[in-house]
Every structure is written in C-alpha cells, then in structure tokens.
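This is the structure I want to talk about, given as structure tokens.
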Amino acid sequence: MAETRRRLRSSTVVLGGMGVLAAALSACGSDPDRRCVDRDSHGYINGYKIVADRNCSSGTTSATDADWYYDADVSGGYADDGTFSRSEAVDRGGFGCSGSGGG
C-alpha cells in the first residue's frame with residue numbers, strides 16, 4: 001500500500017495560522033465589560049447600583065457620583081466584584097485569558 005501525503009503550500013499554512021491567532025485574540029478581547037454605577041450606592045450584599053450610561057459620559061453633569069465599573073458580576077440592577085480601573089480589568093482577561101477575570 002502506497003501512502004500518498006498531501007503537501008500544504010506555505011500560503012495555506014500561513015493563512016491557517018493567522019486564523020488561529022485571530023480566534024485566540026478575539027476570544028479574549030481588550031475591551032472589558034463595563035457598567036455605569038453610582039459610587040455612593042455600594043451595599044455589602046448587592047454591590048453598586050447600576051445607573052444609565054449617560055451618567056458616565058464625559059462632559060455631562062449628573063446628580064450621582066457615577067463611574068464605569070469593569071468586569072463585574074451583574075444581578076438585579078446591581079454590579080459587584082469588579083474594578084473601577086479599566087487597565088486592571090484588561091490585565092485580568094488579557095491575551096490568552098489567563099487571568100481570573102475570564103472574558
């Protein structure tokens with residue numbers, strides 16, 4: 001029995017490799033999940049109360065002390081176990097998703 005082996009062209013290998021790399025990078029994107037929360041509303045059980053995104057938009061005046069809260073667990077209009085630091089949220093779930101934050 002003669003075995004025939006199929007040789008892949010270098011362009012096929014390169015394109016296949018690029019596809020794998022693109023999939024790995026997009027699986028753990030650099031933009032972390034964020035919620036606009038009222039910093040003054042933190043409760044021990046629920047966390048921070050989620051408010052409208054317009055309260056966190058730059059240049060708007062709001063009655064609440066609102067800020068973006070990243071990579072939080074969200075439940076019932078509240079966000080908890082996240083961070084106010086965008087760079088820390090990116091580090092948690094960066095390339096390869098090796099951090100505890102996941103993606």
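The values are calculated or read from the model by the stated rules, or taken from the named source; none is laboratory data. Because the structure is a prediction, the values reported are computed rather than measured. Using ideal geometry, Cβ is built from the backbone for each residue, glycine included, and neighbour counts are taken over all protein chains shown. Surface accessibility is based on the protein's heavy atoms, side chains included, excluding ligands, DNA and RNA. Shrake-Rupley method; radii C 1.70, N 1.55, O 1.52, S 1.80 Å.
State which residue pairs qualify: first residue over 11 Å from Asp31 (Cα atoms) and touching a residue at least 12 places away in the same chain (Cβ under 8 Å) and inside the range 77-92, second residue open to solvent by less than 80 Å² (accessible area, probe 1.4 Å) and in a helix (DSSP H, G or I) in any location, beta carbons under 9 Å apart, and separation of 6 or more residues or different chains.
Partner pairs satisfying both residue conditions: Tyr78/Ser41; Gly82/Ala89; Thr83/Ala89; Thr83/Arg92.
I'm trying to understand the selection: among the residues of the range 69-103, which are of a type in the set (Phe, Trp, Tyr), modelled with pLDDT of 80 or more and either farther than 12 Å from Cys36 by Cβ or open to solvent by 40 Å² or more (accessible area, probe 1.4 Å) (or both)? Talk me through it step by step, then tell me what you get.
Within the range 69-103, the subset of a type in the set (Phe, Trp, Tyr) is 69-70, 78, 84, 95.
Among the residues that remain, those that are also modelled with pLDDT of 80 or more are: 69-70, 78, 84.
Once the filter is applied, which keeps residues that are of a type in the set (Phe, Trp, Tyr), modelled with pLDDT of 80 or more and either farther than 12 Å from Cys36 by Cβ or open to solvent by 40 Å² or more (accessible area, probe 1.4 Å) (or both), the range 69-103 yields Tyr78, Phe84.
Could you say whether any residue in the range 12-30 is modelled with pLDDT of 70 or more and either outside any helix (DSSP H, G or I) or surrounded by fewer than 12 Cβ atoms within 10 Å (Cβ to Cβ) (or both)? Working first, answer last.
Restricting attention to the range 12-30, the residues satisfying the condition of being modelled with pLDDT of 70 or more are none.
The answer is no, given that none of the residues of the range 12-30 is modelled with pLDDT of 70 or more and either outside any helix (DSSP H, G or I) or surrounded by fewer than 12 Cβ atoms within 10 Å (Cβ to Cβ) (or both).
While we're looking at this one, here's another question. How about the range 57-68: which of its residues are farther than 13 Å from Asp33 by Cα and either in a strand (DSSP E or B) or modelled with pLDDT of 95 or more (or both)?
Of all residues in the range 57-68, those farther than 13 Å from Asp33 by Cα come to 57-67.
Scanning the range 57-68 gives Ala66, Asp67.
Shifting gears a bit: From the list Arg7, Arg35, Arg54, which residue is modelled with pLDDT of 90 or more and outside any strand (DSSP E or B)? Break it down stepwise before answering.
Values: Arg7 fails: modelled with pLDDT of 90 or more; Arg35 fails: outside any strand (DSSP E or B).
Sole residue among the options that is modelled with pLDDT of 90 or more and outside any strand (DSSP E or B): Arg54.
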